[in-house]
Every structure is written in structure tokens, then in C-alpha cells.
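Structure record follows, encoded as C-alpha cells.
The values are calculated or read from the model by the stated rules, or taken from the named source; none is laboratory data. The model shown is predicted, which means the values in this text are computed figures rather than measured ones. Here the Cβ positions follow ideal geometry from the backbone for every residue, glycine too, while neighbour counts run over all protein chains shown.
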Amino acid sequence: MSELTKHLKDVISSLIEDEWNSFKDGVTTLICIQLLSQTFNKSNTHPLELLLNASIQAERLDIVERVLKFIKNIKGDENIPDLMWCATKVVPALAQLDSFINRLSSHFDDAVTQNHFYINHENIMFLLNFLRNTSSDGTNPDLKTIRSIIDSSVPLRNKIKEYMLTLNATMDDFNSIRNIFILSIESSVFFHVKTKEFLHKLLTNGSNPRSVEFYRRWFLAFMAPDTKKQSIVNNDEFKELLKVWTTCFAHHPDSIVKIIKEIDVFISAIGDHPCSAHFIEHMVDLCFQQKSIIEKIENSVLLVQSQKFLNEFKFKYQTNVVKAYPNNLKELTNSNNPLSILIKIDQETKYQNAFLRELIQMAFKDIKIQDDEILQDTFYQPNETTFTYTVLFNPSFKTTPIRQYIVDKLLAQSLYWEDTGLRADEVWTWTKYSKAQRAVADKVWEHIGVVSTKKLEIDKLINTENDKMQEKLKITNMIPSCLDIYCSNATDKQYYKDLLHDITNSFTDKIVRAVVIPEEIEKFVPIAKRLDPYSKSNVWHLFREQQSACK
């Protein structure tokens with residue numbers, strides 16, 4: 001062909017009329033055989049291009065016309081890439097014929113209708129890439145012609161729609177389907193394929209629930225933007241499909257747990273997508289629809305690293321769980337108490353999860369503790385089941401402000417006792433502890449001393465106060481009996497009894513140190529101490545009666 005085209009004019013001129021038709025048929029056959037079988041190297045100049053360089057236009061066009069008729073009568077190759085390559089070579093020659101474009105467009109539509117083109121993932125991808133590449137080449141009118149014919153082909157659109165509607169896709173097809181939709185944005189061949197409806201059907205097709213891996217790969221393929229931040233669905237479609245996606249596994253707690261474990265992957269995949277905040281909020285809401293998820297967050301939420309997700313979860317946890325709890329959060333023995341649940345999880349995770357501590361601290365924000373309650377739990381009725389005791393010694397509350405508040409209050413109370421002293425009821429409370437109460441009280445006050453770095457000797461302090469109180473009480477018990485025995489007829493006897501009564505009453509509302517023995521009473525103390533032992537002796541009482549009788 002190369003040599004022939006160089007001398008084509010001379011060859012044609014030398015032919016007689018009977019030889020001309022045979023010559024043209026031979027050249028046509030040769031060109032078609034070479035085009036359709038591609039026996040020559042695609043990178044080399046093909047026969048039609050050589051023919052276009054021939055200088056005799058009329059004879060050249062006649063040969064080209066015969067080529068078109070010949071190709072049209074041959075069943076098209078189902079391999080679209082080869083067909084497109086062939087088209088890019090044939091069209092530049094055929095385009096010079098009158099009405100070629102209309103004829104070629106009609107021929108292409110017929111070929112599509114008669115299934116001369118095999119529609120599958122690979123061929124669709126090739127077509128879309130071909131259209132994208134040719135559309136970027138605005139200087140080549142022949143490529144624009146080919147693109148226009150393909151892009152405007154209604155039969156091709158219908159054929160692709162039929163293929164997509166009947167497609168039984170697997171997880172392995174997701175990425176190629178995604179790429180097809182991305183490429184189709186710039187083309188009209190997917191005009192009849194509705195992205196949202198297709199993805200909805202792909203997600204929900206079948207009566208049995210899919211695997212978590214299926215849902216994971218579906219989301220990553222169709223909901224997340226690609227590396228160029230291109231999405232195949234708009235914001236409204238994203239929100240609608242997200243609902244459908246989560247509905248597929250919303251009633252399967254095990255599946256939700258596995259999905260939440262992967263939430264960091266999903267959040268990273270959607271990046272700064274306009275719907276990223278909506279996605280996080282929606283997924284957090286999904287967690288709170290399952291009680292088992294909230295009560296077992298160590299298997300899901302506590303494994304999440306995304307701070308945005310954790311912040312949203314913490315906010316919803318306070319609203320939906322803490323504030324919605326109808327009972328007192330201080331009742332830690334109640335297994336339904338959200339704070340009790342968090343403490344249990346914290347213990348099971350060996351107090352290592354920082355976010356869990358944040359949830360615990362957040363729950364404590366709504367808890368108020370009174371100073372009287374602190375003393376009641378640690379001093380008046382010490383018990384290891386009390387709220388105050390739990391806060392002081394449970395590791396879950398180590399960094400909570402309420403623990404520090406309790407420590408500060410008890411330290412201030414101990415310093416007050418050291419400086420001012422204790423009331424009688426406080427002393428009596430300490431001295432009347434059971435063995436169990438004593439163990440709890442000792443542990444509490446020892447702990448206060450350790451965490452405050454102040455050496456506290458509460459037991460020694462209270463024993464000293466008790467000794468002082470007992471000494472004063474002994475006076476109030478000792479002198480009345482002496483007055484009755486030895487001063488029964490004294491005119492000022494009642495006066496001294498009233499003084500003693502006032503001393504006794506002082507112990508009910510005054511600090512032990514503040515109870516003062518009047519000087520008038522102090523004068524009787526030495527004598528009373530000498531006589532008091534005798535007042536308990538029956539022999540002494542009998543002797544005094546005999547002495548009285550002798551008088």
C-alpha cells in the first residue's frame with residue numbers, strides 16, 4: 001500500500017476501463033482485511049491514511065465509499081476498544097463523503113440495537129474514558145464527530161440502562177462501578193441511569209442481610225469522595241442513602257458494633273465532605289437507638305479515635321442518658337444507673353480509657369454533694385457502700401472535681417477540730433463505732449492525710465478530747481451525790497445543782513473545750529474526789545445512819 005499510494009496516479013492512469021473496477025475492488029478488500037484483522041502494527045500508518053495521501057481525490061473517495069459499504073455488511077466486532085480504534089482511523093477518510101455523519105450515526109445505532117457491541121464494565125469504562133479524552137481534544141474535528149455520535153446515541157443509553165438495571169454486582173465490582181459513575185458525569189450515555197436509585201437497589205437487593213464487609217465496601221465505594229474529591233451523589237442523595245445504609249443493619253447489634261469499630265475509616269474517607277458532620281451525628285444517633293451498644297461501649301465507641309465523633313457522642317450521652325436518667329445518680333448500687341455502668345466498664349478496661357473518664361466526669365457535673373452528706377458518710381455513719389466513700393476510693397473518680405471537693409472539706413474539718421475541738425456528740429460518735437465502722441473511718445481519715453500531705457492524728461485528737469470530756473462529766477456526776485449525802489439540808493444546795501445542770505447541758509451544743517467548770521464547783525472537786533468513793537460503800541452508809549441515830 002505504501003508503494004502503491006506513491007504511484008497511485010500513474011497506476012490509475014495506466015488502467016483501462018475494464019481493469020478499473022477490479023482494481024478498486026481489490027484495493028477495498030485489502031484495506032478492509034487490514035483494518036478488521038489489524039494485521040499491521042497499530043502504531044504504524046494504516047492503509048486509509050496512506051490512501052488519504054494519494055493525490056487523486058475522485059478515485060480515492062470512490063475507494064473509500066466501497067470500504068464503507070464493505071464494513072457495513074460485516075458483523076461488528078464486540079470488542080469496543082478495537083472498534084473505537086478502527087473508527088478513529090476510518091472516520092477521517094469517510095468524513096469527506098456527503099451525508100457520511102448521518103449514515104455513520106445510523107449505522108452505530110443499528111449496531112448497538114443488534115447487539116454488535118458487548119456491554120460490560122470494561123467496555124463501558126473504555127467508552128467513557130474515550131469520550132473524556134476526546135472531549136479534551138477540541139482541535140480534532142474527526143474525534144469530535146465520533147464523540148458526538150456515541151454520546152448522542154439513544155440506543156446506547158437504553159442499552160447501558162438495561163445492563164445496569166440487570167447487573168448482579170458483587171463487592172469486587174464496587175470500585176469499577178464507582179469509576180463508571182465518576183466518568184459518566186461528563187457524558188450523556190448514562191442519562192437514563194439514576195445514580196441514587198441504582199445504589200439503593202444495589203444496597204437493598206435481596207431479602208437476607210448482607211455481611212458487614214459488604215456494607216463497609218459499599219459505603220467506601222459510593223459515599224466517599226475520590227482522591228480528586230469527586231462524589232457520585234449530591235448532598236441530599238448522600239443523606240437519603242445514609243439512612244438506607246444504616247437501616248440495613250440497624251436492628252443487628254453485632255453488625256452495628258462492627259460498623260462503629262470501622263467509623264474512623266469512614267470518617268477519614270469522607271474527609272471534609274459537606275455532609276461529614278451529618279454523617280457523624282447520624283452514626284452517633286444510631287448508637288443510642290440500641291441500649292446494648294450504650295451499655296457495652298467498650299466493644300465499639302471506646303475504640304474510636306475520631307475526636308469529632310467522640311465529642312458528638314459525649315454530648316448525646318449527656319442528653320440522652322445522663323439527663324434522661326429518672327433516679328439519683330448517687331445511687332451507685334443501682335445496676336441501671338448510667339454512672340454505675342460507666343464505673344463497671346472502667347473497671348473492666350483497667351481504667352486505661354481516657355474518653356471513658358471524660359464521660360464519667362461529665363456525668364458528675366450534674367451531681368451535687370452537701371457538706372453534711374460528706375460528714376454523714378465518712379464520720380457519723382461511715383460505710384463503704386456510701387457515695388462519698390466510693391468517690392474517695394474508686395479509681396474511676398480519681399480525677400473528678402467532686403473527689404477533690406470531698407478531700408478539701410474533710411481536711412478543713414480536721415483542721416477545725418484541731419484548732420477548736422469537737423462537740424460531745426462528735427466524740428461519742430467516734431467512740432461508739434462498730435468494728436466495721438472503725439475500719440472505714442480510719443481508712444477515710446488516713447487517706448485524707450495522705451492526699452493532703454498533712455499528718456492527721458484524728459484518733460489521738462478525739463481520744464484527748466474524750467478524756468477532757470470524761471473528766472468534766474465525772475465532776476457533774478460526782479458532786480451531786482456528795483451534795484445529797486453530805487449537804488442534804490444546805491440552803492444553797494439547789495444553787496450548786498443548777499450550776500452542775502448547766503454544765504451538763506453545755507455538752508449538747510458546745511465544743512468540749514468550751515465547757516467551763518465554774519470556780520464555785522471547782523472548790524468542791526478535791527473534797528468530792530475524797531468522798532465519792534465512800535458514797536458507793538454500803539458499810540459507809542450504814543455507819544452514817546448509826547451515827548445519826550445516836551444523835
Quick one: is residue 461 over 24 Å from residue 378 (Cβ atoms), surrounded by 12 or more Cβ atoms within 10 Å (Cβ to Cβ), out of contact with any His (no Cβ under 8 Å at 6 or more places or on another chain) and aliphatic (A, V, I, L, M)? no
From 211, 188, 184, which residue is free of Cβ contacts under 8 Å to residues at least 24 places away in the same chain and among the small types (Gly, Ala, Ser)? 211
Residue count, the stretch 334-358 (criterion: hydroxyl-bearing (Ser, Thr, Tyr), assigned to a loop (DSSP other than H, G, I, E, B) and closer than 18 Å to residue 395 by Cβ): 2
Going residue by residue through the stretch 489-497, is there one that turns out to be surrounded by 14 or more Cβ atoms within 10 Å (Cβ to Cβ), more than 28 Å from residue 398 (Cα to Cα), of a type outside the set (Lys, Arg) and without any contact (Cβ under 8 Å) to a residue 40 or more places away in the chain? yes
Note: among 418, 373, 426, just one is in a helix (DSSP H, G or I), within 39 Å of the chain's Cα centre (by Cα) and not aromatic (Phe, Trp, Tyr), namely 373
Among the candidates 316, 330, which residue alone is part of a loop (DSSP other than H, G, I, E, B) and either in contact with an Asp or Glu (Cβ under 8 Å, 6 or more places away or on another chain) or in contact (Cβ under 8 Å) with a residue 12 or more places away in the chain (or both)? 330
Here are the criteria: (1) surrounded by 18 or more Cβ atoms within 10 Å (Cβ to Cβ); (2) under 18 Å from residue 168 (Cα atoms). Tell me which single one residue 197 does not satisfy. (1)
Residue within the stretch 186-194 that is modelled with pLDDT under 80 and surrounded by fewer than 16 Cβ atoms within 10 Å (Cβ to Cβ) present: yes
Please find, within the stretch 253-280, the residue that is farthest from residue 315 (Cα to Cα) out of those that are of a type in the set (D, E, K, R) and out of contact with any Leu (no Cβ under 8 Å at 6 or more places or on another chain). 254
Residue selected from the stretch 295-313 under the condition outside any helix (DSSP H, G or I) and not small (Gly, Ala, Ser), by the criterion farthest from residue 271 (Cα to Cα): 296
Scanning for something under 27 Å from residue 227 (Cα atoms), at pLDDT below 80 and among the β-branched types (Val, Ile, Thr), does the stretch 126-139 turn up at least one residue? yes
Given the stretch 185-275, what helices (runs of 4 or more DSSP H) lie entirely inside it while holding 1 or more residues that are over 25 Å from the mean Cα position of the chain (by Cα) and of a type outside the set (A, V, I, L, M, F, W, C)? 195-204
Selection count where residues are assigned to a loop (DSSP other than H, G, I, E, B) and either of a type in the set (S, T, N, Q) or within 15 Å of residue 445 (Cα to Cα) (or both), scope the stretch 381-399: 8
Only one of 346, 371 that is surrounded by fewer than 17 Cβ atoms within 10 Å (Cβ to Cβ) and either of a type in the set (Gly, Ala, Ser) or touching a residue at least 24 places away in the same chain (Cβ under 8 Å) (or both): 371
Among the residues of the stretch 322-340, how many are closer than 16 Å to residue 298 by Cβ and surrounded by fewer than 18 Cβ atoms within 10 Å (Cβ to Cβ)? 1
Condition test on residue 378, is it closer than 23 Å to residue 458 by Cα, in a loop (DSSP other than H, G, I, E, B) and hydroxyl-bearing (Ser, Thr, Tyr)? no
Pairs where the first residue, in the stretch 430-442, is under 16 Å from residue 376 (Cβ atoms) and the second is in a helix (DSSP H, G or I) and of a type in the set (S, T, N, Q), C-beta under 9 Å, 6+ apart: 430/463; 430/466; 440/378; 441/378
Which members of the stretch 164-184 meet the condition of being within 14 Å of residue 201 (Cα to Cα) and either part of a loop (DSSP other than H, G, I, E, B) or among the aromatic types (Phe, Trp, Tyr) (or both)? 166, 167, 168, 169, 170, 174
Conditions first: (1) of a type in the set (Ser, Thr, Tyr); (2) more than 29 Å from residue 514 (Cα to Cα); (3) surrounded by 17 or more Cβ atoms within 10 Å (Cβ to Cβ). Residue 414 passes all but one, so which condition is the exception? (2)
Options 292, 300: the member that is exposed (fewer than 14 other Cβ atoms within 10 Å of the Cβ), closer than 25 Å to residue 347 by Cβ and modelled with pLDDT under 95: 292
If the requirement is being basic (Lys, Arg) and surrounded by 16 or more Cβ atoms within 10 Å (Cβ to Cβ), which of these qualifies: 472, 523? 472
